[in-house]
1. At 1.4 Å probe radius, can you tell me the per residue accessible area of the stretch 476-546 in Å²?
2. Hey, what do the phi angles of the stretch 554-561 turn into as Karplus ³J(HN,Hα) couplings, whole Hz, using 6.51/-1.76/1.60 and θ = phi - 60°, x for Gly and Pro?
3. What is the packing order of peptides 107-116, 372-381, taking the mean over residues of other C-beta atoms within 10 Å and listing the highest first?
4. With a bin width of 10 angstrom, please list the P(r) values of the stretch 379-422 as percents of all Cα-Cα pairs, from the 0 bin to the one holding the largest distance.
5. Beyond 18 Å between alpha-carbons counts as too far, so tell me which of 124/190; 56/113; 113/190; 500/565; 67/569; 113/552 fall in that bin.
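The values are calculated or read from the model by the stated rules, or taken from the named source; none is laboratory data. Please read all numbers here as calculations on a predicted model, not as lab measurements. Cβ coordinates were reconstructed from backbone atoms using ideal geometry, including for glycine residues, and neighbour counts include every protein chain displayed. SASA here: full protein model, heavy atoms, side chains in, ligands and nucleic acids out. Shrake-Rupley method; radii C 1.70, N 1.55, O 1.52, S 1.80 Å.
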Amino acid sequence: MPLRDESSLPRESPATVPVVIIGNGPSGICLSHLLSGYTPYLDTEATHPNPILYHKLQEAEHLPITKQDLQYLCEGLEGRSGNPVAVLYDTLLHPDADRGLEFPPVLQWRLEKQHHIPHLVLGKGSPGGAWHTMEGSMLTISLGIWMELPGVNYRDISPGKRRAVSTNRATPEEISSYYKNYVKLMGLQKNFAENTYVTSVQRLHRDHESSLGKDNGHENDSKADQTNAPGNWTDHCTKKETERGHDGKENEHSNVLRNGTQNGRGESGEEEDRRKRRVEGVRENGVSQGLPQGLWEVRGYQQLQGDSHVPFSLFAENVVLATGASDSPARLGVEGEELPYVFHSVRDLGVAVNRQGHLGPASDPVLVVGAGLSAADAVLCACDHSVSVLHTFRKRADDPGLIFKQLPKTLYPEYHRVYHMMCSQTHLLSPIANCGADPSGPAASSAPLPDYTSFPEHCVLSFQPDMRCFLRGSNGVLRAFKVSMVLVLIGTHPDLFFLKEQGQYLGSDPSRPISCKHNPVDVNPYTFECSAEPGLFAMGPLVGDNFVRFLKGGALGITTCLLNKMEKKGKLIDDGRCGRGGQGGGRGVGGFV
């Protein structure tokens, strides 16, 4: 669905949407499903294996789950997510899944128009998000049925691809196809705008004339305030500027719309005055009336056919961050990491081995850095194409914290194959140079074991232009190797560049950048509303739910919150944040303060 541009939208008032969801992966899709009026009820013919939870569900079986007290339902439940609503929703969809059992869901779905909340889902590509960019030959960690979304059985739209129960996992290609088809089957297409890139999300405060600039850290940039003003639909980007914005760099992204006018055409003083009057008119008419917390302004551009880029601007009463965690790969921060033979995605290895004459059995080894599943995928990919691998990681090979320790051998034989190699094919310690040697100076190459060699408790010192890599072990021994390619696979970080402070102020520890593992977005555990920002929500990896089976809980919590807002105010704009379920109300419907 194309966003409305300057030719179809009145300049005086950009569109106002009750809910804007940033990200069209499984998180955004699942939330769109609930906001579209698909309403979950207890299936009166089903029985949940947890008798306490089943009794609670029966107490209010006439009410949809989205109108019940989620905190009450969550009490006493345990699971593999730290978010209680994620555990609740998972056990309703997959009862006793952690015990290896496959019970049917205890929910039935009704499409109810009175529970529909208008919303818009913005995504950089097709619905499915990052799943469209993953290496197609690997298998998912989760079982295929755990990757499915409510209302459509994964097996029903993946015919001919069923595997034995012991290996009932899926490829990323199958899952991305499932998500894309899910949107069509559930009739959600009208809510999705593809190929959209958000460059700015900021609060509009009615009490501050210069808030448009100050909220995004441009306190002294009065021209930026004027060119970023609501209602400005004449700021076209030049092709060069939009290509720079597409690269994902923070400053270029946030300036892409501003530069289109400031540096391209310029404006007369009269035009600037008219623009300023339009801005203040929108603030006065669209923000100040009965709205203490203000609206959100969402800006960006949409890439259309023919490589044209059309900027958009709209207001949102509520914004949901569903961007996932794969936007920005984690980096080592060492010398030479920007050299052209150093990559940060398994996908780049797949491209290299499939390019004739580029990488093969006669090539120098590939260096893989990291001890997670992505690093293991890279090792498997290289070994399958007879490419020698050097594998370095900081932990001991027998470290109990390695992810391989948590995976059953019967379900994940390929990862245990890698783990076995990590332990059994370790490099014999033979120093090349002393720890004090100059990494840029000459050093001999050591002969690795054939095909695969692991370097536990080693860190990377530098990458050199002549394609030599320097490693240092825990004992201080320095080693150098000539390689054909490097894959640094040590995790990814969410990229929230479009928020002030890159969203850092939203974290559990506001002094550190957002990290899905170490510093997730701090949210109310039952509504997923950000503690630091009323009307701003986060779900999925941003709040620590990295598996699809659990990120669905964020959709339940957010939908329940928004429905209570609407019931309380008669519309989605409210005068305060949602409270925890159970406060200010009975067990039937959670109250909100």
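1. 32 Å²
2. So the J values, rounded to whole Hz, are x, 5, 5, x, 5, 5, 4, 4.
3. Ranking, from highest mean packing down: 372-381, 107-116.
4. Values per bin, smallest distances first: 25, 52, 23, 0.
5. In this structure, 56/113; 500/565; 113/552 lie more than 18 Å apart at Cα.
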